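One structure is given here, and the rest of the page talks about it.
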Amino acid sequence: MKNSQTLTLLKKKSTFRILDAIEAEMEVLENPYGLPMEDLFTMAARINKKRSFLFVSKVLGKHLPIHPNKGLLTAALLAARYLESVKGGGATERERLIHSFLQDEPDQVGPFIPGVINPVVIGFAETATALGHAFFDCFHQADFFHTTREEIDSHAPEVTFEEEHSHATSHRCYIPLEMIQNDREIILVDDEMTTGKTALNIIQSIHASFPRTDYTVVSILDWRSNANRQEFSRLEEELGITIHTVSLLAGNVHIKQLKEIKDHSETNDTNEQGELNVEAISLSPLFHTTSFISENPLNQVPFIKETGRFGLNSSENKSLHQQAWEAANLLKSRRSGDRTLCLGTGEFMYLPMKIAAAMGSGVFYQSTTRSPIYVENREDYGARYGISFPNPEDLQISHNVYNIPPGCYDEIFLFFEREPEADALELMLNELKKLQLNSVKLVFFSN
């Protein structure tokens, strides 16, 4: 065991009662940076027969709004922990990052992991695309891509795998072959591990075609049981590999279903909807389109390079930060309220978060999500408010926004990687009226 300065074991039991229908009992076994559990997550009930509960992160900006720097700092803390626990290096940034995280202080996180460490970092769609990219930011020398649920016209993915419990199970990886056809360490970044099966699935999929010896799985939360951990050991032995795991909080979770949840979800219904001032802002001159387009005929606008969906190296990422800063300055000049929400869409999370972090005070960040959750306005519950609408880029997919009370924000900057058709936006904009906003700024990166 590491000395007490680098690893603090805090055995702490907590019980969450979710809508009086699910009981989640947790025992924290590892908390290396002494972060309060209540700062990291709360819980909600999923509308999903395969898994009835959801850890609602307070640091990802997916289901709950956050200060954008909080998301970036969380990824940096994971990178510091990786450097310490996997590489045995001294994370000189650690104390500063912990202080900034706990005090909600903005912090400029630059690369601090030496260039001799040169992995391939993979973020999991859709929830961990921003977390994975922000983790990648901490390396002087690395490559990054994120998995996607998108199907790309006339292109076959190099890697595919399944996430059985998810609302959308299939992951695809569209990347240059040379990015993965090597023996470099693979680092998989996800928001949480409950069983670890998703990580094992992608490791087996990669290893079947692109074998190597070292893999690392990084997650904010690690709730694997002893049996789950033994599955990792079995795969290590079977494939002759090493799988490191890195987390900010690890322990055991036991779920007990007390009764069936009746579908009594509440929404942000209000009679005070009024008119919504909508304006469009194009950032396309600052970013680079690719030749990749969706198989979905509803939106044939090309994807952009800078998301990392098709691969980025550290040199390209450095240029991306300058682009994000320029975009933030432009959008900051278009603000018209004191309380602003920057809302990413689906997998398009990192750039909106990075830009939001540079748009001044009073700016919060979150994203739409596919996850269907029971909504109830109850204190300490993870989904107190909710609106739902067809995804403007694919009307067959329902998207949701949670935890925005009506009247909470003056304005929303709504970020789309690709400009959708105007007609496809109408249902989403009608739902946003329920939030009693003064204006919505539609921000497009490719049009």
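The values are calculated or read from the model by the stated rules, or taken from the named source; none is laboratory data. Since we're looking at a predicted model, the values are computed, not measured. Virtual Cβ from ideal backbone geometry, glycine too; neighbours counted across all protein chains shown.
Yes/no matrix, rows are residues, columns are (1) modelled with pLDDT under 95; (2) crowded, with 19+ Cβ neighbours inside 10 Å; (3) of a type in the set (Val, Ile, Thr); (4) within 26 Å of residue 39 (Cα to Cα):
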{"site": "358", "(1), (2), (3), (4)": "no, yes, no, yes"}
{"site": "364", "(1), (2), (3), (4)": "no, yes, no, yes"}
{"site": "370", "(1), (2), (3), (4)": "yes, no, no, yes"}
{"site": "380", "(1), (2), (3), (4)": "yes, no, no, yes"}
{"site": "416", "(1), (2), (3), (4)": "no, yes, no, no"}
{"site": "420", "(1), (2), (3), (4)": "yes, yes, no, no"}
{"site": "443", "(1), (2), (3), (4)": "no, yes, yes, no"}
{"site": "447", "(1), (2), (3), (4)": "yes, no, no, no"}
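Take the conditions in contact (Cβ under 8 Å) with a residue 40 or more places away in the chain and closer than 22 Å to residue 406 by Cβ and apply them to residue 362. Does it pass? Let's see the steps before the verdict.
Details: in contact (Cβ under 8 Å) with a residue 40 or more places away in the chain: no; closer than 22 Å to residue 406 by Cβ: yes.
In short, no.
Do the conditions hold for residue 139, that is, is it surrounded by 24 or more Cβ atoms within 10 Å (Cβ to Cβ), under 18 Å from residue 58 (Cα atoms) and not β-branched (Val, Ile, Thr)? Walk me through it before giving the result.
On the way: surrounded by 24 or more Cβ atoms within 10 Å (Cβ to Cβ): yes; under 18 Å from residue 58 (Cα atoms): no; not β-branched (Val, Ile, Thr): yes.
Here the answer is no, as residue 139 does not meet what is asked.
Mind counting the residues in the stretch 307-348 that are in contact with a helix residue (DSSP H, G or I) (Cβ under 7 Å, 6 or more places away or on another chain), assigned to a helix (DSSP H, G or I) and farther than 26 Å from residue 139 by Cα? Selection size over the stretch 307-348: 1. Report yes if some residue within the stretch 331-342 is in contact (Cβ under 8 Å) with a residue 40 or more places away in the chain and either under 18 Å from the mean Cα position of the chain (by Cα) or at positive phi (or both); otherwise report no. The answer is yes, given that some residue of the stretch 331-342 is in contact (Cβ under 8 Å) with a residue 40 or more places away in the chain and either under 18 Å from the mean Cα position of the chain (by Cα) or at positive phi (or both). Pairs meeting the criteria (first residue in the stretch 182-194 and over 10 Å from residue 119 (Cα atoms), second residue of a type in the set (Ser, Thr, Tyr), beta carbons under 6 Å, at least 6 apart or on different chains) are 190/219; 191/57; 191/127; 192/219; 193/219.
Scanning the stretch 421-447 for residues that are in contact with a Leu (Cβ under 8 Å, 6 or more places away or on another chain) and not in a helix (DSSP H, G or I) turns up 421, 437, 439, 440, 441, 442, 443, 444, 445.
Taking residue 426 as the residue in question, decide whether it is without any contact (Cβ under 8 Å) to a residue 40 or more places away in the chain, closer than 14 Å to residue 278 by Cα and surrounded by fewer than 22 Cβ atoms within 10 Å (Cβ to Cβ). Yes: the conditions hold for residue 426.
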